[in-house]
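The values are calculated or read from the model by the stated rules, or taken from the named source; none is laboratory data. This one's a predicted model, so the numbers in the text were calculated from it and none came from an experiment. Every residue, glycine as well, gets a Cβ built from its backbone with ideal geometry; the counts of neighbours run over all protein chains shown.
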Amino acid sequence: MQLIENATDQKLRGAYYTPPAIARFILQWGINGSKDLNIFEPSCGDGVFLKCIGNDAMSYNSVTAVEYEAGEAEKAQAIGLHDSEVINADFHRFCLDTDKRFNLVVGNPPFIRYQYYDPEQQELADEIFRRSTLKRTKLTNAWVTFVVGCSQLLAETGKMGFVLPSELLMVKYAQQLRQYLAKNFNRINIISFENLVFEEIQQEVVLLLCEKNGTDEHLIEHIEVKDADGLLTLDPHRLRFPTKKIDFHTDKWTSYFLENKELDLLEKVKRNMPSISTYANVEVGITTGANDYFTVPESVVTLYNLKEYARPMVGRSVQVNSLCFTKKDWKANVNSGAKAYLLVFPSGAKDNGNDGVRAYIENGEKKGVNNGYKTGIRDEWYIIPSIKLSDALFLRRNNLYPKFVLNEAKAYTTDTMHRVFIKEGVNKKAFVASYYNSLSFTFAEILGRNFGGGCLELMPSEVGGIYMPYRVENEALFAEIDRMLRQKRTADEILDYTDRIILHEGMGLSMEEIQIARSIWHKIMGRRLSRETLEKEEVKVEKKTGYTQLNFLDLFKQYQNNSIVENCIVREDMAEYVTSSHKHLIDESKNVLISLVKKDNFEQYLDKSAKIYYTGKKFPSKVALNKLYYFMPYLKGKGIRDLYLIKIARVGTRKEGQSGEDKNDFRLVFEIEYVTQLFDDYQLIDLKIWRTFTDTRSIVIYKTLYDKLKGCSIDDNSENDIVLRLQTQYTVLCECLDKNYFHSHKAYESRQKLHDICDSIIGVT
């Protein structure tokens, strides 16, 4: 294999060794009691799969393995399996030359990009694809070639089990592979992991388990476990029988982990709802080739006298916090010092422009901007192509949900956002407003792809494929959605408002169907975001150190009389919000601060009238004030019970406005509002920091307390069905919470049932 400069040997080989737990599971699934299988591994490395076969004394007829690296092949050969052969060769060549056929193919093929292939390997890969009447593109990763080639080496009936990137489920270059697998295999199981399996790479993987059995059925199923050890909870010999018929018209496989009733709803919607591309054309934003150079703040425009060439622009998601990006919004970005201008130079600007223009262009050349990948191929490197204004903007990469914004300011945008050109005759405000509903959010999740940190990315074609219930009447929603976005209302609050009008009144969906649609969105989004959360929590554990005290004086100087946090969840209908029937509105993903209340301050918390909480003189510096959302008072000796909203966090003093106030006695002051009583009685919980504070997510509180239910004492005279019901609901709830489906109706119902069951149990502590 030809080495590429500045690439590591591991990257070139795409070698990331399989955890033994995964190798063992795939082998157990594949062999499943058979004793006469011919097994093949196309890229065996140092022999993890071979070791599992030997260590577990698995039965087989023969084992054939191929490994490109001579040193690794020697290690694999040294394992010494009987009736086995380790071949030091390139899999591509082996695949094309061999006449052998195998009953079981297993492995973890290399994750090698096209540019790391040498010319000979590219030709061999092309031939492998041609034999399956497929076409390889320059974007095709090596693992795709391995899957196609190994499919050719399977006997008429057989199994294939691979560790593959999760890209299999969604990326465009794997689209024809998905179609190929769907047509050539009868049963497909996909197993995904909440946590990263390979510590050395930020790459999410799945297990692809395919079976050819000679029937006409084409079924698929998705299973998710927490990590490699989570495979121990599955029986590889009785893996879930696929129940979902493969849709050969489906572009991606990301939706197959949904339940059948959920899939039925989506199919119904597809038949009756047009997509965004029906009403608009979506294109990438302006490709400057060097955003840092061509996008500038006003100070640079002034310094170089570039006003003539400066165009209004918006290029970052943080600069858009509304449904409508107005001239006022753009001006606010300008005043904040943001890069709010795009430099659009005409031909000959270097020679004919003013002194500032020439100086700026020459400065770019000194920095090598003119030699970039995009700029270097232009006749005049500083001339940006495709300068077009769009009617709307669609953010390319997103966190909770993709934003769709009307471009009233007539601002240009870079390739960080997509340009949406709305077709003639379409009401622009109605069109953009129509996107804000649970179904469109769901399809955005299905069509997009996931990146590190829980990021959701959509390309223009994927944006165009989002189903959207456009109606002219939806223009009436525009102003209210814009107001809610500017007030930073949660997505669920916005959808509570829009779903009823757009989906129920406009489309005729039942409220039950709307609830299903919302739960689908939460399920897919939660799955995407859960790995990010888990990774962060694991890092916190690994890096656990002492906490330093927050410097109140520095905070006071920084903020003075201004709020540190203004919590925008505060609702106009707070009185309705805090009623017990609206507990499901609590966002259990948000951070909650649990803080100690001494006995002399109990009264105001016992009667739920507390409005202010003062911290002690010490407060940990690692508690993120900007992320605090809720507050739970921990009554000394009693525990926690009630949930409050943190409206404002600020710096003050212990006895503000009172006689005897010490102006130097700085404290953090939380202005709070009672929301609801979470538990029937006070529950003890550990305070992690100085035995005084705990910063966590609300969801963790539920998990901690419900874990205690496992060991609760139940009177001997209690009926068995009570125990069964308790165990059932506990399992359901934990499944929802573990997968971050905390907003789902299923989780809410289970939580309420658990409360009711516990009330009926004698002796629950």
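Scan region 463-478 and report the pairs whose first residue is in contact (Cβ under 8 Å) with a residue 60 or more places away in the chain and more than 18 Å from VAL269 (Cα to Cα) and whose second residue is part of a helix (DSSP H, G or I) and among the hydrophobic types (A, V, I, L, M, F, W, C), with Cβ atoms within less than 6 Å and a gap of 6+ or a chain change.
Final answer for the pair search is PHE478/ALA433.
On the basis of being assigned to a helix (DSSP H, G or I), of a type in the set (Gly, Ala, Ser) and crowded, with 22+ Cβ neighbours inside 10 Å, does GLY30 make the cut?
yes
So that you can scan it fast, the table gives a plain yes or no per residue for (1) in contact (Cβ under 8 Å) with a residue 12 or more places away in the chain; (2) part of a loop (DSSP other than H, G, I, E, B):
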position: THR288; (1), (2): yes, yes
position: TYR293; (1), (2): yes, no
position: ASN305; (1), (2): yes, yes
position: ASP329; (1), (2): yes, no
position: ASN333; (1), (2): yes, no
position: SER347; (1), (2): yes, yes
position: ASP351; (1), (2): no, no
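Among the residues of region 377-403, which ones are among the basic types (Lys, Arg) and within 30 Å of ILE524 (Cα to Cα)?
ARG396, ARG397, LYS403
Kindly evaluate GLY337 against the criterion of being touching a helix residue (DSSP H, G or I) at 6+ places or on another chain (Cβ under 8 Å) and at positive phi.
On the way: touching a helix residue (DSSP H, G or I) at 6+ places or on another chain (Cβ under 8 Å): yes; at positive phi: yes.
Against the criterion (touching a helix residue (DSSP H, G or I) at 6+ places or on another chain (Cβ under 8 Å) and at positive phi), GLY337 qualifies.
If a residue has to be modelled with pLDDT under 80 and either touching a Gly at 6+ places or on another chain (Cβ under 8 Å) or among the hydroxyl-bearing types (Ser, Thr, Tyr) (or both) to count, how many in region 630-656 make the cut?
1
What single numbered condition from (1) modelled with pLDDT of 85 or more; (2) acidic (Asp, Glu); (3) in a strand (DSSP E or B) fails to hold for GLU224?
So GLU224 meets the others, but not (1).
Would it be correct to say that PHE421 is under 27 Å from GLU267 (Cβ atoms) and assigned by TED's automatic domain parsing to the domain that holds THR295?
Here the answer is no, as PHE421 does not meet what is asked.
Quick one: in region 110-145, which of the residues that are modelled with pLDDT of 90 or more and part of a loop (DSSP other than H, G, I, E, B) is surrounded by the most Cβ atoms within 10 Å (Cβ to Cβ)?
Taking the candidates together, the pick is LEU134.
List the number of the failed condition for GLU156; all other conditions in (1) surrounded by fewer than 19 Cβ atoms within 10 Å (Cβ to Cβ); (2) assigned to a helix (DSSP H, G or I) hold.
(2)
Regarding VAL344, is this residue touching a strand residue (DSSP E or B) at 6+ places or on another chain (Cβ under 8 Å), among the aliphatic types (A, V, I, L, M), under 20 Å from LYS403 (Cα atoms) and at pLDDT 95 or above?
When the stated conditions are applied, VAL344 does not pass them.
Whether any residue in region 449-461 is at pLDDT 95 or above, buried (at least 18 other Cβ atoms within 10 Å of the Cβ) and in the same structural domain as GLU505 (by TED's automatic domain parsing) is what I want to check. Write out each step before concluding.
First, pick out the residues of region 449-461 that are at pLDDT 95 or above: none.
No, region 449-461 contains no residue that is at pLDDT 95 or above, buried (at least 18 other Cβ atoms within 10 Å of the Cβ) and in the same structural domain as GLU505 (by TED's automatic domain parsing).
Considering LYS429, LYS423, which residue is farther than 23 Å from PRO312 by Cβ, of a type in the set (Lys, Arg) and touching a strand residue (DSSP E or B) at 6+ places or on another chain (Cβ under 7 Å)? Explain how you work it out, then say what you get.
Numbers: LYS429 fails: farther than 23 Å from PRO312 by Cβ.
The conditions single out LYS423.
So, of the residues in region 194-207 that are buried (at least 17 other Cβ atoms within 10 Å of the Cβ) and within 9 Å of SER166 (Cβ to Cβ), which turns out to be modelled with the highest pLDDT?
Filtering region 194-207 for residues that are buried (at least 17 other Cβ atoms within 10 Å of the Cβ) and within 9 Å of SER166 (Cβ to Cβ), the one modelled with the highest pLDDT comes out as VAL206.
What is the one condition in (1) in a strand (DSSP E or B); (2) more than 22 Å from LEU232 (Cα to Cα) that LEU181 does not satisfy?
Just one mismatch for LEU181, condition (1).
Which of the following residues is in a loop (DSSP other than H, G, I, E, B), modelled with pLDDT under 80 and within 30 Å of GLN487 (Cα to Cα): LYS622, LYS663?
Criteria check complete, one pass: LYS622.
Could you grab me the full set of residues in region 479-513 that are closer than 16 Å to ASN321 by Cβ and of a type in the set (A, V, I, L, M, F, W, C)? Show your work before the answer.
Here is the first cut: in region 479-513, the residues closer than 16 Å to ASN321 by Cβ are 479-491, 493-494.
Residues satisfying the conditions are ALA479, ILE481, MET484, LEU485, ALA491, ILE494.
If you take the residues in region 210-226 that are touching a residue at least 40 places away in the same chain (Cβ under 8 Å) and on the phi < 0 side of the Ramachandran plot, which one is surrounded by the fewest Cβ atoms within 10 Å (Cβ to Cβ)?
The first filter runs over region 210-226 and keeps only residues touching a residue at least 40 places away in the same chain (Cβ under 8 Å), leaving 210-214, 224, 226.
Those left that are additionally on the phi < 0 side of the Ramachandran plot: 210-213, 224, 226.
Working: CYS210: 24, GLU211: 20, LYS212: 17, ASN213: 12, GLU224: 16, LYS226: 15.
Across region 210-226, the extreme among qualifying residues is ASN213.
Search region 458-478 for residues being of a type in the set (Asp, Glu) and more than 16 Å from VAL420 (Cα to Cα), and hand back the single one that is nearest to the chain's Cα centre (by Cα).
GLU475
Mind checking which pairs have a first residue in region 366-395 that is in a helix (DSSP H, G or I) and a second that is loosely packed, with under 14 Cβ neighbours inside 10 Å, Cβ under 7 Å, 6 or more apart or different chains?
From residues that are in a helix (DSSP H, G or I), the pairs are ASN370/GLY376.
Select from region 261-291 the residues that are small (Gly, Ala, Ser) and under 30 Å from GLY364 (Cβ atoms) and write down the one among them that is surrounded by the most Cβ atoms within 10 Å (Cβ to Cβ).
GLY285
Can you tell me how many residues in region 460-483 are among the aliphatic types (A, V, I, L, M) and in contact with a His (Cβ under 8 Å, 6 or more places away or on another chain)? Break it down into steps so the answer makes sense when it comes.
Kept after step one, since they are among the aliphatic types (A, V, I, L, M), are these residues of region 460-483: 463, 466, 468, 472, 476-477, 479, 481.
Among the residues that remain, those that are also in contact with a His (Cβ under 8 Å, 6 or more places away or on another chain) are: 463.
Looking only at that region, the number is 1.
Conditions first: (1) buried (at least 16 other Cβ atoms within 10 Å of the Cβ); (2) of a type in the set (Asp, Glu); (3) part of a loop (DSSP other than H, G, I, E, B). GLU424 passes all but one, so which condition is the exception?
(1)
May I ask you to list the residues in region 38-68 that are small (Gly, Ala, Ser) and surrounded by fewer than 21 Cβ atoms within 10 Å (Cβ to Cβ)?
GLY54, ALA57, SER59, SER62
Taking into account only those residues within region 456-477 that are of a type in the set (Val, Ile, Thr) and touching a strand residue (DSSP E or B) at 6+ places or on another chain (Cβ under 7 Å), which is farthest from GLY285 (Cα to Cα)?
ILE466
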